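Undergrad: The structure that follows is given in the form of structure tokens.
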Amino acid sequence: MIEQPTQVGWRDGDPPAELLTREWLVTNALGGYASGTIGGACTRRFHGQLIAALPAPLGRIMMFNHIEETITDASGRCLRLSGDEHGNAEARYPEAGLLREFRLDNGLPVWRFETEGLALEKRLVMPHRQNTTYITYQLLDGRDDIVLQLRPSFHFRAHEGLVSDPVPATWDVRSDGRKLEIGAGEKYPSLRILFIGGGAALERSERVFEHVLYRIEKSRGYEFEGPLWSPGVIRIPLLRSEPAGLVASTESWEVLEALAADQALAAENERLAKLLSIAAPEANESHFGAQLVLAADQFIIVPKSRPADTAIARATGDDPRTVIAGYHWFTDWGRDTMISLEGLTLATGRHREAGNILRTFASYIKDGLIPNMFPEGEFGGLYHTADATMWFFHAVDRYVRATDDRSTLRMLLPKLVDIIDHHLAGTHFGIGVDHADGLLTQGAEGYQLTWMDAKVDGWVVTPRRGKAVEINALFYNALSVLEHYLHEEQQEGEAARMHDLAARAGQSFNRRFWYETGQHLYDVIDGPDGDESHIRPNQLLAISLPYPVLERSRWDAVLKIVEEKLLTPVGLRSLAPGDPDYKAYYDGDLRARDAAYHQGTVWGWLIGPFIDAWLKLHPDENERARHFLDGFPAHMAGEACVGSISEVFDATAPFTARGCVAQAWSVAEVLRCLVKVGGRKEG
């Protein structure tokens, strides 16, 4: 096992502009997080030192936006550690040459600053399942006359809220020695700040920074300029004998004072080391694998924003879990959770949490569907999805095969049978079995029900109404999974019924989905405009799933065209170049991005189904399959969010990372495939 994996994300000599484009992320297992650019400037509305996950109707709240960091000595020398954009058209970087390195130690960010006669490190950690952030500075070399000056800035708001909204005219500020408590009315909780370091004190000097610029929001077509308020400057003498800094939290003072800074860091490092120790050997024998295991941890959360989940689960002796689909703006999504479950939990040895996730979602089944998503700050889910429920069957199968948890299986089996019966009878949004051919159809005007779900201003970009290829591959797989477990549980009558349904769907699929002219599968049949022959990656699921619906004689042709047209170093294109609807770049405002979202844009998670399908044709060539992952280590080290994998990429070289900077199913599928093909050991 790799001990204390370290990943360097920036070092002196790298382009200074990358201090604004490379980001870091720390999470707290509640859905809360801290995040920013390496250089310290807030370029997104989501960048902050503490985004707390609070019970609905609040959801995730920006509680601590920015911290301006400088150091001074007795000679009057003043050095700026952090960049900012307070009222500047151009961002200010940290003092030239002062930041020597940014790295992740055990997945946690470390900034190293050096200049003549001075060396110090900054660290940031969020204790597990607390809305708390520790920010510490340790003087490694230098004189004893150095003073750290921290100016914190605030704008309490929903984390996806408008940055242009005004800050309150008055703030409630209570200061008592090393304690500072800040309130902004009754809507949000107070923020409590505890100073770290002897002699630390707040010098009151309130300021409002009226025109803070969030440059990425500007490029994405959102509100991009707004105010921050600061109560003053915290001054702390820097000594080599003790850390300095602050703790910020929405927890009680008792919780805040329970752990010293070094204890909080040690506790989190111990927890992360345990995660590495239980992961599959293939996942932790290389730095790449270890980084994936640590990245996976960021998405598995306790849904604190929905107290009902906790109440229902604990009433049955369970502990609720779910998966954040991506940072910064996604909540938990049913589809993403089920696709991600094997990589995030089973490949990492977190079997108990896998069961928690499945049982949590099972409690939300309604009319034969699991929720598509849980909106931010709301109590219930939305059910507008045709494929998430079919992915649920796949996740259950992967879990039971890994754990042999028959108790959970027996609890779920009646629910799985009920799901199929609802699909046979027809459920919401036109989702149901067409009894003429036994295939699953779906579609409702104004809704996007498949994973290709972009919609803007009422425009559904890829409606895919009718019988979608991957949904029917998933349906056949679900019926086969259910038949298998019903047979194991000696429910032979129901098992035979599922067998007959699967056999009919399989026969119809192979008769109707084959596009002879193109030697691949139709993407959708029986749609409002007929059959759609776009070359998309969705057809891979007809091969890649444990129970492939496509007859073996056609696998080679499908895989060949997918590899030629769609494969890239960081995933698969969502549409083949040359198609009239193809878009090479995912950029611009919301409408432009959504127009490209599934029309060529590369998705990292799709490397999983591709490798699964490829290995079915090349079962003894794991090392060759391993090379399909070669583009991801460099991305994790030097693009977007250091230590994680982005949601999407441009469809053409250099395959620029786009979308969410840390995406659950991207990390999960790369990790799952690494375990499947075997990690490459490092000397």
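Undergrad: Could you calculate the FRET efficiency of Leu424 with Glu257 from 1/(1 + (r/R0)^6), where r is the beta carbon distance between them and R0 is 51 Å, rounded to 0.05?
TA: Once rounded, the FRET efficiency stands at 0.30.
Undergrad: Something else: How far, in degrees from 0 to 90, does helix 607-617 lean away from the longest principal axis of the Cα atoms of the chain, to the nearest 10?
TA: It is inclined by approximately 40 degrees.
Undergrad: Right, something else. Binning at 20 angstrom from zero up to the longest distance, how are the C-alpha pair distances of the chain distributed in percent?
TA: Percent of pairs per bin, in order: 18, 51, 26, 5, 0.
Undergrad: Whole angstrom only: what separates the Cα centroid of segment 499-514 from the Cα centroid of segment 537-558?
TA: 13
Undergrad: Also: Quick check on the chain: helices-only [θ] at 222 nm, where DSSP H runs of length 4 and up contribute -39,500 (n - 2.57) each and the sum goes over total residues. Nearest 500, please.
TA: Computed ellipticity for the chain at 222 nm equals -9000 deg cm²/dmol.
Undergrad: Give me the lysines in straight-line cross-link reach of Lys274: C-alpha distance below 21 Å, same-chain residues under 8 apart excluded.
TA: Cα-Cα hits under 21 Å: Lys681.
Undergrad: Next question. Output the 0 to 90 degree angle, nearest 10, between the alpha-carbon long axis of helix 406-425 and the longest principal axis computed from the alpha carbons of the chain.
TA: Once rounded, one gets 60 degrees.
Undergrad: By how many degrees, between 0 and 90 and to the nearest 10, does the Cα long axis of helix 351-362 differ from the longest principal axis of the chain?
TA: Relative to the chain, helix 351-362 is tipped by roughly 70 degrees.
Undergrad: For segment 409-528, calculate the relative contact order in percent as a whole number, restricting contacts to Cα pairs under 8 Å that are 6 or more residues apart.
TA: The normalised contact order for segment 409-528 reaches 22 percent.
Undergrad: Treat every Asp and Glu Cβ in the chain as -1 and every Lys and Arg Cβ as +1, leave all other atoms uncharged, and give the resulting dipole magnitude about the Cα centre to the nearest 20 debye.
TA: 420
Undergrad: Ile278 label point, 7 Å along Cα→Cβ, cut-off 18 Å on backbone N: hits in segment 332-349?
TA: What the label zone holds, given the 18 Å backbone N cut-off, is 341-349.
Undergrad: Quick check on segment 279-677: take the gyration tensor over C-alpha atoms, sort the square-rooted eigenvalues as a ≥ b ≥ c, and tell me if it's rounded (a/c under 1.5), prolate or oblate.
TA: Rounded, because the longest to shortest axis ratio a/c is under 1.5.
Undergrad: Would you mind classifying segment 557-683 by shape? Square roots of the alpha carbon gyration tensor eigenvalues, ordered a ≥ b ≥ c; an a/c under 1.5 is rounded, otherwise it is prolate if a/b is larger than b/c and oblate if not.
TA: Verdict is oblate for segment 557-683.
Undergrad: Can I ask one more? Evaluate the Debye formula for segment 17-173 with equal point scatterers sitting on the alpha carbons, no solvent, and hand back log10 of I(q)/I(0) at q = 0.10, 0.11, 0.19 Å⁻¹, in q order, two decimals.
TA: Values returned for q = 0.10, 0.11, 0.19 Å⁻¹ are -0.38, -0.46, -1.26.
Undergrad: Further question: Can you return the lysines within cross-link range of Lys455? Criterion is Cα-Cα under 21 Å, with same-chain partners fewer than 8 residues away left out.
TA: Partners within reach: Lys218, Lys467, Lys583.
Undergrad: Amide H neighbours of Leu239 under 5 Å, counting only residues 5+ apart in sequence or on other chains, H built in-plane at 1.01 Å?
TA: So Leu239 has HN proximity to Leu139.
Undergrad: Please identify the longest segment of the chain free of exposed trypsin sites (Lys or Arg not before Pro), where exposed means a DSSP state other than H, G, I, E or B and no more than 16 other Cβ atoms within 10 Å.
TA: With trypsin sites (Lys or Arg not before Pro) excluded where exposed in loops, the chain gives 241-679 as its longest stretch.
The numbers here are math on the coordinates, done by the rules we state, and not lab data. Keep in mind that what you see is a predicted model, and the values were worked out from it rather than measured. Please note: Cβ atoms are built from the backbone with ideal geometry, for glycine as well, and neighbour counts cover all protein chains shown.
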